[in-house]
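A.B. asks: Please read through the structure below; I'll follow up with questions.
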Amino acid sequence: MRVYAKGNLRSREGFFFTLVFPIILILLFGAIFSSGGASQVRVYAQNFDNGPAGAIFLSELNSTSHNCSPSYNSGLCLVMVQNSQNLSQYLSSKSSSDGIIIPSGFSQAYATKQPINVTVYGNPASTSSAIVSGITREFVSSFNSYGVNGTANLGVTPQTAVSSSYKYIDFLVPGLIGFAALTSPMFAITNLSSTYRRDKVFKLLSLTPLTKTEWLLSKIIWYIGTTCVSFILMSAVGEFVFGAHIALNWGIAVFLVLGPFFFVSLGMLVGTVSNSPESAAVVGNLVTFPMMFLSGTFFPVQSMPMYLQAVAHVLPLYYLIDGLVNVMIYGNFASAYFDMGLMLVISVVTFALAVRFFRWRED
Amino acid sequence: MLAIEVDGLKKRYGDLQAVDGISFSVNKGEVFSLLGPNGAGKTTTIEILEGLREKDHGAAKVLGLDPWTSGYELHKMIGVIPQGFKFLDYPTPREAVVYYATLFRAKVDPDELLKRVILDEAANIWFQNLSGGQKQKLGMALSLVNDPQVVFLDEPTTGLDPQARRAVWEVIRKLKAEGRTVMLTTHYLEEAEELADRVAIMDHGRIVALGTVADIESKFGSGQRMTVRAKDDLLRYLKDNTRLEVKGDGRAVTVFLRDKADAMVAMGAIEESGAEWDDLTVRRDRLEDVFLRLVGESGTEEKGSD
Ligand SMILES: Nc1ncnc2c1ncn2[C@@H]1O[C@H](COP(=O)(O)OP(=O)(O)O)[C@@H](O)[C@H]1O
Ligand SMILES: [Mg+2]
């Protein structure tokens, strides 16, 4: 027993999983779930009111985030949208679901205590939308009680942001596809690159006309295949078991290719820079685990505290999942092109570095 | 024409001079064996010739090519089994041969090739379930898919039981019969004696003897030796009463004979000693005796691989 414990803690990988990993997990999940309303939510707003009350209402809402102060980690940050825009479409183009519309005649109805409703766009699956709706309702009720000469009659009309109603599962499917594109190549390739070296399989391969580039490409093609299979399985289960909405389009295919392309190259690079299977596993974990939880795999990045969101924006998987969400849910290709371009560039660079540094003979 | 030419080859790892200026050449169609204890530098040498490691100094040419810079062309003409050959766990030998052949874009009949290395009976067993000898034979099959002119075998029989070892030897003899050049490293003397046309004995990165087994035996051997089974009292008697060169280990006494007269003196002295003895043999120095003298007794003990 003691021998086992020692051996387990001596191996760096054992040390990581026994002691470090649980601490990382509790810190991470603690930060995400205890944050509650502790993150600033961006809300797109339109004001059709021709009196003063609508503008006051919106500016009061905006002050909950100290007028979008970057150092302030809660409240609503309002972004005004021109009245000529269709807000629902505009939200799609921003891959957002949070919006507010002040209807025309708001000031007059407020003053005369006629019933009138503020429209709040949101996504029932997202915690950010819950925050928006909560804060707005609070303001509506306080506006009602401060009305001159008794209670005013403001209300809230909740509206689902995207054309049809989206559920948590709809956001989970792209997240999990990204998760699959990350984990299976990363774990398999880091392990394989170091064990192949130990078992001299690379030596054997280097004695054939096969080149390193061809070998790496063959692995990439294999993992594009496995990622496509996981996509099909997850979409099928999501669609038929949980009633998810999967919109098929060419954008998905681009990400199903770029994801494995990048992560196979990255796995190879990690396996190459570390000289034993054990250290490859440690480096691999260090690279993989932050991405696994912080890139929007299991919960939307928007629901995480600001400092974790900042971390997410430097993780490549974030852009893969963001891109998949853009093409699968919002049909927002303008943003997806950015994700595609970024993924393409880092994939090509990582691939080139992997080929450059990976040697299959010794010197 | 020479298949392999090595001149003044050196390779150093940090403080360790693993190969320390060796020179030899191998003729086409010859079986050449590098014989030496673990750590002698055999693998380093053979991997430099295969183009898997870079040399520090000296010249190395295989089939007229520099193995490090012309590896791509060279690899089409040579076959290699690395030391401790392993393959992926799940392919069967037949699948492995087919896969390897596609890499070389070579047309081979996998069944015929497996038959040539006497592995046809295990053609469809997963690699991880093959016996040690069968794994080595698969290694040979893979090294042959490109119909190589030179085959490099690094300790192909280490760790095999005597029967499996003999089966591998049979395949190596076939390679020679087919006219291929074979470079073989081993730390088994018997293997070099059985198979090699010429042998280089290596120790601490240097070649300490080079030639046919018979050449080496006569050049470095002490000639005839007489051995009787007897206790050390006989050893003491012979040391005290004759000028013969003797050696004993408590169970047997060996007398090194410089000429025929030594034999007569030894026989007489043994008889006179009154010591108990039997099992008298006289034989020439064998490769083993020379090897022990050149490399030292430590050379034969197992120190683990590499
Ligand atoms: N890659 C390496 N790095 C450092 N030392 C090495 C390396 N490969 C071999 N050696 C050392 O060089 C010496 C010769 O090794 P090797 O050529 O494998 O001998 P052999 O095959 O005769 O057993 C050994 O002492 C070994 O430990
Ligand atoms: Mg060796």
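The values are calculated or read from the model by the stated rules, or taken from the named source; none is laboratory data. Owing to the predicted nature of the structure, the values given are computational and were not obtained by experimental measurement. Every residue, glycine as well, gets a Cβ built from its backbone with ideal geometry; the counts of neighbours run over all protein chains shown. All accessible areas refer to the heavy atoms of the entire protein, side chains included, with ligands and DNA or RNA removed. Shrake-Rupley method; radii C 1.70, N 1.55, O 1.52, S 1.80 Å.
A.B. asks: Sequence gap at least 6, Cα distance under 8 Å: using those rules, report the relative contact order of segment A:168-357 to the nearest whole percent. If you can, show how the numbers build up before the last one.
C.D. replies: On the way: 236 pairs, mean separation 65.7, N = 190.
So the answer I get is 35 percent.
A.B. asks: In addition: How do A:W222, A:W250 rank by accessible surface area computed with a 1.4 Å probe, from largest to smallest?
C.D. replies: A:W222, A:W250
A.B. asks: In whole Å, what are the Cα extents of segment A:305-360 along the three principal axes, biggest one first?
C.D. replies: 44, 27, 14 Å, listed from the longest principal axis down.
A.B. asks: Additional query: By the gyration tensor of its Cα atoms, with a ≥ b ≥ c the square roots of the eigenvalues, what is the shape of segment A:168-357: rounded for a/c under 1.5, prolate for a/b over b/c, or oblate?
C.D. replies: Because a/c hits 1.5 or more and a/b exceeds b/c, segment A:168-357 counts as prolate.
A.B. asks: Also: Which sequence of B:E191, B:E288, B:E276 reflects their accessible areas, 1.4 Å probe, from the largest down?
C.D. replies: B:E276, B:E288, B:E191
A.B. asks: Mind giving me the FRET efficiency for A:V345 and A:E239? R0 is 51 Å, r the Cβ-Cβ distance, nearest 0.05 is fine.
C.D. replies: Approximately 0.95, to the nearest 0.05.
A.B. asks: Per residue of segment A:81-98, in order, report the coupling 6.51 cos²θ - 1.76 cosθ + 1.60 (Karplus, θ = phi - 60°) as ³J(HN,Hα) in whole Hz, putting x for Gly and Pro.
C.D. replies: Whole-Hz 3J(HN,Hα) from phi for segment A:81-98: 10, 4, 5, 6, 7, 7, 4, 4, 5, 4, 4, 4, 5, 9, 6, 10, 10, 9.
A.B. asks: For segment B:224-284, which whole-number percentage of the solvent-accessible area (1.4 Å probe, protein heavy atoms only) is attributable to carbon and sulfur atoms?
C.D. replies: About 48 percent, which is the carbon plus sulfur part of the accessible surface.
A.B. asks: What is the interface area between chains A and B, defined as buried accessible area summed over both chains with a 1.4 Å probe, reported in Å² to the nearest 100? Don't skip to the end; give the middle numbers.
C.D. replies: Numbers: alone 17450 and 15370 Å², together 30830 Å².
For chain A against chain B, roughly 2000 Å² becomes buried.
A.B. asks: What number, in nm² with one decimal, is the all-direction average of the projected area of the convex hull of the alpha-carbon atoms of the protein assembly as shown?
C.D. replies: Mean shadow area of the hull around the Cα atoms is 42.5 nm².
A.B. asks: Under the rule a/c < 1.5 gives rounded, and otherwise a/b versus b/c splits prolate from oblate, where does segment A:40-160 land using the Cα gyration tensor?
C.D. replies: Numbers: a/c = 1.72, a/b = 1.42, b/c = 1.21.
Prolate shape, in that a/c is at least 1.5 and a/b is the bigger ratio.
A.B. asks: Still on this model: What distance in nm lies between label points placed 7 Å from Cα along the C-beta direction at B:R243 and B:E272?
C.D. replies: So the label points at B:R243 and B:E272 sit 1.4 nm apart.
A.B. asks: Under a 5 Å amide H to amide H cut-off, with H placed in plane at 1.01 Å, what residues pair with A:V79 once short-range neighbours are removed?
C.D. replies: Distant-sequence amide H within range of A:V79: A:V43, A:Y44, A:A45.
A.B. asks: Report, by chain and number, residues whose modeled amide H sits under 5 Å from the one on A:G105, excluding near sequence neighbours (fewer than 5 apart, same chain).
C.D. replies: Sorted by chain and number, the residues that satisfy this are A:N50, A:G51.
A.B. asks: With every protein chain present, what accessible area does A:T64 have (1.4 Å probe, heavy atoms only), rounded to the nearest 10 Å²?
C.D. replies: 30
A.B. asks: Treat every Asp and Glu Cβ in the protein assembly as shown as -1 and every Lys and Arg Cβ as +1, leave all other atoms uncharged, and give the resulting dipole magnitude about the Cα centre to the nearest 20 debye.
C.D. replies: Value, rounded to 20: 1240 debye.
A.B. asks: Let's test the formula: R0 of 41 Å, r as the Cβ-Cβ distance of B:L292 and B:Y99. What FRET efficiency results, to the nearest 0.05?
C.D. replies: 0.40
A.B. asks: Next question, about the same structure. Can you give the local net charge around A:N62? Use residues other than it whose beta-carbon is closer than 15 angstrom to its beta-carbon, Lys and Arg +1, Asp and Glu -1.
C.D. replies: With Lys, Arg at +1 and Asp, Glu at -1, the net is -2.
A.B. asks: Quick one: among B:D111, B:D215, B:D259, which has the greatest mean-square fluctuation in a GNM of chain B with alpha-carbon springs under 10 angstrom?
C.D. replies: Fluctuation is largest for B:D259.
A.B. asks: Have a look at A:G284, A:G296, A:G259 and tell me which one the Gaussian network model of chain A (Cα, springs below 10 Å) gives the largest fluctuation.
C.D. replies: A:G284
A.B. asks: Compute the relative contact order of chain B as a whole-number percentage, counting only Cα pairs closer than 8 Å that sit 6 or more residues apart in sequence. Provide the component values of the computation, followed by the final result.
C.D. replies: Details: 592 pairs, mean separation 61.5, N = 306.
So the answer I get is 20 percent.
A.B. asks: Using only C-alpha positions, report the orientation-averaged shadow area of the convex hull of segment A:199-305, nm², one decimal.
C.D. replies: Across all orientations, segment A:199-305 yields a mean hull projection of 9.5 nm².
A.B. asks: Another question about this same structure. Among A:K203/B:K115; A:K203/B:K76; A:K203/B:K176; A:K200/B:K42, which pairs are too far apart, with a Cα-Cα distance over 20 Å?
C.D. replies: A:K203/B:K115; A:K203/B:K176, as the Cα separations exceed 20 Å there.
A.B. asks: List the aspartates and glutamates whose Cα lies under 17 Å from the Cα of A:K113, skipping any in the same chain that are fewer than 8 positions away.
C.D. replies: Of all the aspartates and glutamates, those that pass the test against A:K113 - Cα under 17 Å, at least 8 places apart if same chain - are A:D49.
A.B. asks: Follow-up. Kindly give Rg over Rh for segment B:56-111, based on alpha-carbon atoms, with the Kirkwood expression for the hydrodynamic radius.
C.D. replies: 1.07
A.B. asks: Would you mind telling me the antiparallel percentage of the DSSP bridges in chain A, rounded to 5? Don't skip to the end; give the middle numbers.
C.D. replies: Working: 3 of 19 bridges.
The answer is about 15 percent antiparallel.
A.B. asks: Taking H placed 1.01 Å from N in the peptide plane, check which residues at least 5 places from A:M304 or on another chain put their amide H under 5 Å from its amide H.
C.D. replies: Under 5 Å from the amide H of A:M304 lies no amide H from a residue far enough along the sequence or on another chain.
A.B. asks: Considering only protein heavy atoms and a 1.4 Å probe, what is the carbon-and-sulfur percentage of the accessible area of chain A?
C.D. replies: 64
A.B. asks: Also: Please list B:D279, B:D262 from largest to smallest accessible area, probe radius 1.4 Å, with all protein chains kept in place.
C.D. replies: Per-residue accessible area, sorted high to low, gives B:D279, B:D262.
A.B. asks: So what are the radius of gyration and Dmax for the Cα set of segment B:224-284, in Å?
C.D. replies: Computed over the Cα atoms of segment B:224-284, radius of gyration and Dmax are 10.0, 27 Å.
A.B. asks: Any idea what the relative contact order of segment B:52-171 is, in percent, if you count C-alpha pairs under 8 Å spaced at least 6 apart?
C.D. replies: Averaging sequence separation for qualifying contacts and normalising by length gives 33 percent for segment B:52-171.
A.B. asks: Treating only the Cβ atoms of Lys and Arg (+1) and Asp and Glu (-1) as charged, compute the dipole magnitude of segment A:168-357 about its Cα centre; round to the nearest 20 debye. Intermediate results must be reported in sequence, preceding the final value.
C.D. replies: Details: 7 positive and 7 negative charges, 149 e Å.
So the dipole magnitude of segment A:168-357 works out to roughly 720 debye.
A.B. asks: Step through the residues of segment B:4-21 one at a time and calculate ³J(HN,Hα) from phi using the Karplus curve (6.51 cos²θ - 1.76 cosθ + 1.60, θ = phi - 60°), rounding each to whole Hz and writing x for Gly and Pro.
C.D. replies: Ordered by residue, 3J(HN,Hα) equals 9, 10, 10, 9, x, 6, 9, 8, 10, 10, x, 8, 9, 7, 6, 10, 10, x Hz.
A.B. asks: To one decimal place, what Kirkwood hydrodynamic radius in Å is obtained for segment B:22-173 from all pairs of distinct Cα atoms?
C.D. replies: Averaging 1/r across every pair of different Cα atoms and inverting gives 16.2 Å.
A.B. asks: Greater than 26 Å separation of Cα atoms is the criterion. Which listed pairs, A:K219/B:K11; B:K10/B:K135; B:K107/B:K137; A:K212/B:K10; B:K86/B:K174, meet it?
C.D. replies: A:K219/B:K11; B:K10/B:K135; A:K212/B:K10
A.B. asks: Also: Go ahead and set up a Gaussian network model of chain A, Cα springs under 10 Å, then flag whichever of A:N117, A:N86, A:N332 fluctuates most.
C.D. replies: Taking springs between Cα atoms under 10 Å, the residue moving most is A:N86.
A.B. asks: Counting only other chains, and only Cβ atoms inside 10 Å, what mean value do you get across the residues of A:197-206?
C.D. replies: 5
A.B. asks: Now for a separate question. Run the lone-cysteine check on chain A: no other Cys C-beta under 4.7 Å from the residue's C-beta.
C.D. replies: By the Cβ distance rule, which asks for a partner under 4.7 Å, the isolated cysteines are A:C228.
A.B. asks: Rounded to whole Hz and in sequence order, give me ³J(HN,Hα) for segment B:239-251 from the Karplus expression 6.51 cos²θ - 1.76 cosθ + 1.60, θ = phi - 60°, writing x for Gly and Pro.
C.D. replies: Ordered by residue, 3J(HN,Hα) equals 5, 6, 10, 10, 9, 6, 7, 10, 8, x, 10, x, 10 Hz.
A.B. asks: Here is a further query. Taking each pair of distinct Cα atoms in segment B:17-77 once, what is the resulting Kirkwood hydrodynamic radius in Å? Please report the intermediate quantities before stating the final value.
C.D. replies: Numbers: mean 1/r = 0.0804 Å⁻¹.
Hydrodynamic radius (Kirkwood, Cα pairs) of segment B:17-77 is 12.4 Å.
A.B. asks: What shape does chain A take by its C-alpha gyration tensor, where a ≥ b ≥ c are the square roots of the eigenvalues and a/c under 1.5 counts as rounded, a/b above b/c as prolate, and the rest as oblate?
C.D. replies: Here chain A falls in the prolate category.
A.B. asks: While we're here: Which of the lysines could a cross-linker bridge to B:K247, judged by Cα under 28 Å and excluding same-chain residues fewer than eight apart?
C.D. replies: Excluding near neighbours in sequence, the set is B:K219, B:K231, B:K239, B:K260, B:K303.
A.B. asks: Oh, and also: Per residue, how many Å² of accessible area does chain A show with a 1.4 Å probe? Present the calculation step by step, with values, prior to reporting the outcome.
C.D. replies: Working: 16400 Å² over 363 residues.
I get 45 Å² per residue for chain A.
A.B. asks: I would also like to ask the following. Rounded to the nearest 5, what % of the DSSP beta bridges within the protein assembly as shown are antiparallel ones?
C.D. replies: Values: 38 of 72 bridges.
Counting only bridges with both partners in the protein assembly as shown, antiparallel ones make up about 55 percent.
A.B. asks: Label-point separation (nm) for B:A106 and A:F357, each offset 7 Å from Cα along Cα-to-Cβ?
C.D. replies: With each label placed 7 Å out from Cα toward Cβ, I get 3.5 nm.
A.B. asks: Ratio of Rg to Rh for chain B, alpha carbon only, Kirkwood?
C.D. replies: 1.07
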